[in-house]
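Please read the structure below before turning to the comments.
The values are calculated or read from the model by the stated rules, or taken from the named source; none is laboratory data. The structure displayed is predicted, hence computed values, not measured ones. Virtual Cβ from ideal backbone geometry, glycine too; neighbours counted across all protein chains shown. The area values use the complete protein model at the heavy-atom level, side chains included, leaving out ligands, DNA and RNA. Shrake-Rupley method; radii C 1.70, N 1.55, O 1.52, S 1.80 Å.
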Amino acid sequence: MARKTDVPSVYYGEPRKYDRKFKGPINNRSRTDVICGLIFAIVIFAYVILGFVAWSNSNLGRFIHPTDSNGEVCGQMQNKGKTKLFYFNILKCVDLSLNNFQCATTQICVSECPDKFLTLKEARKSSEWDKYKAFCKTQLKDTQTEECPSMIYPSSPFLKRCFPSLQTKMGTTSIGNSTKLGVGHDSVYVTDLKKAASKLTDFLHAKDVSEKVFEDLANSWEWILIGMAISMVVSLIFLLLLRYIAGLLLWIIIWAVVIAIAYGITHCYLQYHIRSGKIGSGRTIYDIGLQTDFGVYLELTQTWLIFMILLAVIEGIILLILFFLRKRLQIAIALLVEASKAMKYVMTALIYPVFTFLLLSLVIAYGAAVASCLATSGVATYTIIHEEGSKCQLSEEECHPKTFDPKTLPAGCSKSRCLFKSYRDDDSYRSYGLLLQAFNLFALLWLVNFILALGQCTLAGAFASYYWALNKPSDIPARPLCTSFNRAISFHVGSLAFGALILSAVQMMRVCLAYLERKLKGQQNACARFMMSCLKYCFWCLERFIKFLNKNAYIMIAIYGKSFCTSSRDAFFLLMRNVIRVAVLDKVTDFLLFLGKLLIAGIVGVITFFFFTQEVDGLFVNYYWVPLVLVVLGSYLVAHGFFNVYAMCVDTLFLCFCEDLERNDGSAARPYYMSPDLCNILGKSNELPTFSRSSSSSGGGSRSSGSRSSRRSSRRATCCC
């Protein structure tokens with residue numbers, strides 16, 4: 001069946017010609033894209049230097065501990081042992097203009113939060129003064145003085161900050177049994193304390209949830225790892241089964257997913273029907289807002305209706321794909337069967353994702369550490385904060401606590417304070433903080449994409465060695481994966497870095513667009529928002545296209561050892577000469593592999609759900625969905641890592657298969673390298689070797705059999721690439 005297109009094939013380059021010397025990946029090759037390789041090495045060296053400089057100028061304690069009014073971190077340096085933050089007057093947090101969680105009141109680091117109510121006047125006249133002094137701030141100027149809060153009250157630490165220990169009984173908020181603390185001017189209503197504390201905790205609530213999440217992770221990390229280990233075992237079993245019953249297993253997966261989604265639709269409908277008419281079930285998700293308890297959403301009819309519609313749409317798409325592409329599914333399954341045979345002889349390829357994962361973990365951890373060090377490398381800045389109702393005009397002006405003296409300020413500023421504001425880039429190194437963070441992100445993206453490119457090129461070389469072995473397995477070279485990795489590292493670091501650089505540049509542009517959109521949020525008109533959305537979509541499409549083209553370029557590099565640009569051109573032209581197969585078979589095989597990954601993640605997810613929703617001795621979690629989501633995502637990523645090897649095998653075999661059809665014609669001199677099953681599906685066949693005269697004359701039966709075989713071999717159908 002000829003390719004239906006008006007564009008002549010020569011427009012996309014000449015088809016590959018037969019070369020009797022070509023036996024698979026070329027061994028005699030030279031280094032490619034050397035200049036890009038040198039630039040890549042320089043960037044890595046600069047990245048390492050940046051890491052050392054950022055580490056030497058950082059203070060990571062600012063991420064973990066709060067900061068007092070002088071910008072000193074609690075629990076460090078002169079505040080060693082004082083890990084909690086105490087507010088002199090938490091009422092100042094009502095009119096909150098927070099910057100780095102700083103209220104307009106003096107804050108000091110203390111070892112323990114106060115456990116009783118006491119005013120300053122009472123403390124000076126009693127034996128409690130020594131205990132009260134722990135909450136005073138020492139001022140070192142001409143004479144040593146102490147600045148103390150007017151009162152202290154029972155408090156408890158929350159995110160290492162002292163908050164009033166409030167109690168609510170019968171709708172009344174109190175501390176102990178009192179709704180009002182102190183007398184006269186020193187009095188304060190507990191409801192005011194609650195209002196001030198809640199204003200501040202609004203900013204810290206997200207951290208409270210994160211602490212509970214981390215607590216859940218600490219309690220269930222062993223079970224999460226066990227769940228991911230189960231997904232690894234299931235993925236390996238699945239890939240091993242593909243070696244023997246690939247066709248049957250793939251059809252089982254397809255119909256299993258269809259039946260599972262149909263069951264999900266039925267279950268959602270039943271749950272929707274059961275909850276219809278119940279009190280409160282008619283509320284919308286918008287009405288109840290964000291809830292940490294996912295079970296609240298499951299009591300709403302709207303939730304089950306949304307689930308049912310989504311599953312119905314997915315089911316419809318899958319059924320349409322199966323109906324219209326049922327013939328192409330046979331070719332796709334044949335490619336997957338061939339890939340399973342290749343995996344049989346290159347079993348070490350299944351271990352390679354572990355190596356890639358370790359490299360990616362190391363690089364990402366380094367990038368995160370550099371970003372954290374750069375973010376905490378600033379110097380403390382201070383601003384003038386005046387009392388509420390004051391007429392001071394110097395609010396938010398910069399100051400320094402060691403030289404600050406309210407007496408030298410204009411009228412109306414006598415009660416102003418010099419308090420810590422934030423950390424700011426100040427000297428010549430830190431003034432380029434944003435640029436250094438951008439370089440850190442770009443270098444991280446380049447390294448990540450290079451590691452992925454190295455893996456793709458290595459696997460492609462190994463699987464190409466399998467395909468171009470005419471007599472399998474005798475012609476397959478020894479240790480194909482190690483040989484391919486050695487070729488990629490020795491000769492093609494520059495080419496892999498070149499492809500990774502192009503992809504990283506596009507990803508960096510997407511990050512810049514997201515950053516620009518965030519900065520201009522609320523200041524754009526409808527036209528500007530539309531243009532921004534168009535740009536983001538265009539760069540997303542460009543990134544997808546470059547990933548697709550890069551992957552095929554790496555396959556050509558692994559086979560022929562040419563430069564990145566030449567390999568990209570050859571791969572693109574080859575794909576365009578086979579555009580129908582690329583458009584259909586590539587997506588069909590991706591779809592089949594996606595169903596496999598989805599099935600594995602679903603199986604492990606169901607097991608995890610039933611495990612964490614049951615009461616298990618010694619296991620406590622605040623939110624069962626935390627380990628559940630992590631296990632499902634982790635299982636999908638594990639399956640994705642193993643199936644990516646399979647997908648790379650299919651893509652490599654597909655390109656080799658297209659070249660095979662161009663180079664060879666099935667004759668005895670130019671036989672096809674593809675498997676007999678794939679030949680039969682495409683209507684192709686290889687001629688049998690010519691028999692010797694002695695064997696021809698040995699018997700009539702033999703002559704008759706050979707004659708019939710020759711006639712069958714001569715009837716070769718044509719199939720377009």
*Restricting attention to helices (runs of 4 or more DSSP H) lying wholly within region 488-582, give those where 3 or more residues are within 24 Å of the chain's Cα centre (by Cα).*
493-519, 526-560
*State all residues of region 514-545 that are among the aliphatic types (A, V, I, L, M), open to solvent by less than 80 Å² (accessible area, probe 1.4 Å) and farther than 24 Å from W446 by Cα; if no residue qualifies, say none.*
L520, A526, A528, M532
*asked:* Can you list residue pairs whose Cβ atoms sit under 8 Å apart, with the first residue in region 361-375 being surrounded by fewer than 19 Cβ atoms within 10 Å (Cβ to Cβ) and the second being not small (G, A, S) and not in a helix (DSSP H, G or I)? Count only pairs 6 or more apart in sequence or on different chains.
replied: S372/L60
*asked:* Would you confirm whether or not region 427-438 contains a residue that is at pLDDT 85 or above, open to solvent by 30 Å² or more (accessible area, probe 1.4 Å) and either touching a strand residue (DSSP E or B) at 6+ places or on another chain (Cβ under 7 Å) or among the small types (G, A, S) (or both)?
replied: yes
*Exclusive hit being modelled with pLDDT of 80 or more, in a loop (DSSP other than H, G, I, E, B) and buried (at least 18 other Cβ atoms within 10 Å of the Cβ), set Y646, Y673*: Y673
*Please verify whether region 583-594 includes one or more residues that are at pLDDT 80 or above and either closer than 29 Å to K17 by Cα or surrounded by fewer than 22 Cβ atoms within 10 Å (Cβ to Cβ) (or both).*
yes
_Test set (1) surrounded by 21 or more Cβ atoms within 10 Å (Cβ to Cβ); (2) modelled with pLDDT of 80 or more - V626 fails condition number_ = (2)
*For V209, state whether it is assigned to a helix (DSSP H, G or I) and either in contact with a strand residue (DSSP E or B) (Cβ under 9 Å, 6 or more places away or on another chain) or at pLDDT 80 or above (or both).*
no
_Scope region 478-513; condition surrounded by 15 or more Cβ atoms within 10 Å (Cβ to Cβ), free of Cβ contacts under 8 Å to residues at least 60 places away in the same chain and more than 30 Å from A438 (Cα to Cα); matching residues_ = T483, F485
_Total residues in region 300-325, condition free of Cβ contacts under 8 Å to residues at least 40 places away in the same chain and either more than 30 Å from Y269 (Cα to Cα) or not in a helix (DSSP H, G or I) (or both)_ = 1
